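Down below is the structure, laid out as structure tokens.
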Amino acid sequence: MQDVEITLSDGTVVKMRRPKVKDTLAVAKISNVGEQEVALIANLTMQTVEDISELYLDDYALLQNELKRFLSPEKKSS
């Protein structure tokens, strides 16, 4: 899976790269799962945590969905 571009409701295009192990390790010390996810998305999109926190929920959901796709094992065709 390649990096993806996500178009937000205001037309802004955010690029999200594939996560690496070091990305999950960088946020592992954050105890709150929600804050952990925001920090991970911020890292992957080269945005600040504050930028991600200011998104509307529907835009945040677009980023969450892409993150979930990155973290889900791809089904291989037989």
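Limited to the stretch 17-34, what total is found for residues that are touching a strand residue (DSSP E or B) at 6+ places or on another chain (Cβ under 9 Å) and closer than 14 Å to Val49 by Cα?
Qualifying residue count for the region: 0.
Take the stretch 8-34 and flag every residue that is of a type outside the set (Val, Ile, Thr), surrounded by 10 or more Cβ atoms within 10 Å (Cβ to Cβ) and assigned to a loop (DSSP other than H, G, I, E, B).
Leu8, Ser9, Arg17, Arg18, Pro19, Lys20, Ala28, listed by residue number.
Which one of these does Gln47 not meet: (1) touching a residue at least 24 places away in the same chain (Cβ under 8 Å); (2) touching a helix residue (DSSP H, G or I) at 6+ places or on another chain (Cβ under 7 Å); (3) part of a loop (DSSP other than H, G, I, E, B)?
Unmet condition: (2).
Every residue, every condition in (1) hydrophobic (A, V, I, L, M, F, W, C); (2) out of contact with any Lys or Arg (no Cβ under 6 Å at 6 or more places or on another chain), yes or no:
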| position | (1), (2) |
| --- | --- |
| Gly34 | no, yes |
| Glu37 | no, yes |
| Leu44 | yes, no |
| Glu50 | no, yes |
| Asp58 | no, yes |
| Leu62 | yes, yes |
| Lys68 | no, yes |
| Leu71 | yes, yes |
| Glu74 | no, yes |
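Could you say which residue among Glu5, Glu37 is surrounded by 14 or more Cβ atoms within 10 Å (Cβ to Cβ), within 14 Å of the chain's Cα centre (by Cα) and modelled with pLDDT of 95 or more?
Unique residue meeting the criteria: Glu37.
Keeping to the stretch 50-64, report how many residues are in contact (Cβ under 8 Å) with a residue 40 or more places away in the chain and over 12 Å from the mean Cα position of the chain (by Cα).
Number satisfying all stated conditions: 3.
Of all residues in the stretch 49-58, count the ones that are under 19 Å from Asp3 (Cβ atoms) and surrounded by fewer than 18 Cβ atoms within 10 Å (Cβ to Cβ).
Number of matching residues: 1.
Using beta carbons and a limit of 6 Å, which pairs, at least six apart or on different chains, have the first residue in the stretch 6-20 and under 21 Å from Ser72 (Cα atoms) and the second one of a type in the set (Ser, Thr, Tyr)?
Val14/Thr45; Met16/Thr45
The values are calculated or read from the model by the stated rules, or taken from the named source; none is laboratory data. Every value quoted in this text rests on a predicted model; they were computed, and no experiment measured them. Heads up, the Cβs are rebuilt from the backbone with ideal geometry, glycines too, and the neighbour counts pull from every protein chain shown.
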